[in-house]
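Written below as structure tokens is the structure these notes are about.
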Amino acid sequence: MADEANGIAPYVLIRDLPATDRPRERLRDFGAGSLSEAELLAIMLRTGNARESALAQASRLLARFGGLTGLARASFSELCAEHGLGEAKAAQIGAALELGIRAARQQRSLTTIKSASDVEDLLCTEMSLFDQEVVRVLVLDARNHLVSMQDVYRGSVHSATVRIAEILREPIRANAAAIIVVHNHPSGDPTPSAADISMTKMLVEASKLMDIDVLDHMVMAGGKSASMRELRLGFGS
């Protein structure tokens, strides 16, 4: 009543909801897949604050950052700056989202790459989250099975700064038959740049000497990708 008198709308605590509406009980009875993103986030937050319940806080955070993708891109300091989030809750959010990314990555170990769209499905969401350019190398065997993935560079992707030897180090060690190189554009535009084309040309030529086939160099951004092989950029005619 005091909140209403002060013009502050009261909220319902999760523990005061019917059991069938509480996120933890619904997860227990129906599985995590039955919960919304806000409900899952509320379970992780555990408690709300003086102004809002954990569920309301979770809904606000998702709206504020544009869903899980935006939340995953938020920095630790940005999360801490949100009302009701201290370092502990910010760390919980960051850790949970990173676990999800790593779990998805581990499921790729037996993946067979058949096309650029396969690579896009595997990596585009994750690569679009990075706030700086990251070069990732996919190492493949003779049957195009994904053997391993490795981030080899972070920063401004340019042929003058990205060392081709570093890209080829793991493929040579693993006796790879082929590789696919992927990097992101934090700008949100996956259009390959002149620097991307130059780096691709250098990589293709160096890989020939090592008897390693460069199947593609893909640029990812904003949930989209560009295959430089399909665009015939850096791969010759």
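Every number here is computed from the coordinates shown, using simple stated rules; none is lab data. Every value quoted in this text rests on a predicted model; they were computed, and no experiment measured them. Using ideal geometry, Cβ is built from the backbone for each residue, glycine included, and neighbour counts are taken over all protein chains shown.
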Shape of the stretch 107-237, Cα gyration tensor, a/c cut at 1.5: rounded
Positive minus negative residues near Leu233 (Lys, Arg vs Asp, Glu; Cβ under 13 Å): 0
Mean ellipticity per residue at 222 nm, deg cm²/dmol - from DSSP H runs of n ≥ 4 across the chain, formula -39500 (n - 2.57): -13000 deg cm²/dmol
Highest average packing first - 76-85, 54-63, Cβ atoms within 10 Å: 54-63, 76-85
Qualifying lysines (Cα of each under 20 Å from Cα of Lys114; at least 8 residues distant if same chain): Lys224
Estimated vicinal HN-Hα couplings, Hz - the stretch 222-229 in sequence order (Karplus 6.51, -1.76, 1.60; Gly, Pro = x): x, x, 10, 9, 10, 8, 6, 5
Alpha-carbon centroid distance for the pair the stretch 200-237 / the stretch 111-178, whole angstrom: 11
Protection proxy ranking of 167-177, 112-122 - average other beta-carbon atoms within 10 Å, highest first: 167-177, 112-122
Charge dipole magnitude, Cβ of K and R +1, D and E -1 - the chain, Cα centre, debye nearest 20: 380
Read-out semi-axes √(5λ) of the Cα gyration tensor in Å, derived from the coordinates shown; its label in (1) 45, 19, 14; (2) 26, 22, 16; (3) 34, 21, 19: (1)
